[in-house]
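Peer 1: So that we are looking at the same thing, I have put the structure below in structure tokens.
Any read-out appearing in this document is the output of simple, stated calculations on the displayed coordinates, not a laboratory observation. The model shown is predicted, which means the values in this text are computed figures rather than measured ones. In this analysis, Cβ positions are derived from the backbone assuming ideal geometry, glycine residues included, and neighbour counts consider all displayed protein chains.
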């Protein structure tokens, strides 16, 4: 199911033997457009400390009670590697994190999560990463706080049009499906969705997302209020409006088609 990322902020995080804190941010992979980590403030549980939790650690996400349940103990989370979140998280730090939890690396392969698309299935696959990935750029940094990217200005082909207000994510794969664009300064109250794949480029230095479409196209795109889930019918209308492509829709439909013939389970 597709969900607003902001709606998941402040969710509680619970280990197998008790609470460990609350979500205060997310780390976004700016290469593959996926949520790689929850940033969890442990508050009084482990002193004043923030820790990273990967979706690979999820046992269950209870959206009715706003809670992430982990397959980890409180002690395991408490002793996790310290990471300075005031600075970019490097691949070297990620190696230390994944080594501590015994997880295979997600990077260096074709799938969103290693050789697959689902972090939980990847954890249980028995697949083991090599100790390192040949050809990986040293010191590669690709993770950015979702709170940092929120507020980036949106530039259409013919001028400014708004800013990033939120993200819509797939709660199975943790892929970022859409940027939520607020056009407040031009059309008060209107928000629209734009897929990251439709951006021509992103300038992290200038804090801008450049879209290969006009302001008029964005103005007349189907509005999104967030009051209702993003349905497949809405996605079809959105893709048709922008004249773009949406490979994830085709992949989901292919899986659903196979499921109808008893080959696979549907993605949703």
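Peer 1: On full extension of the chain, what length is gained from residue 153 through residue 31, given 0.36 nm per residue of separation minus the C-alpha to C-alpha distance?
Peer 2: Contour length minus the Cα-Cα distance gives 42.0 nm.
Peer 1: Treat each spin label as a single point 7 Å out from the Cα along the C-beta direction, and report the residue 205 to residue 49 distance in nm.
Peer 2: Between residue 205 and residue 49, the label points sit 3.8 nm apart.
Peer 1: What order do you get for 94, 197, 155 when you list them from fewest to most C-beta neighbours inside 10 Å?
Peer 2: 197, 155, 94
Peer 1: While we're here: Sorted by average packing, counted as other Cβ atoms within 10 angstrom per residue and highest first, what order do 211-217, 97-103 take?
Peer 2: The peptides rank, most packed first, as 211-217, 97-103.
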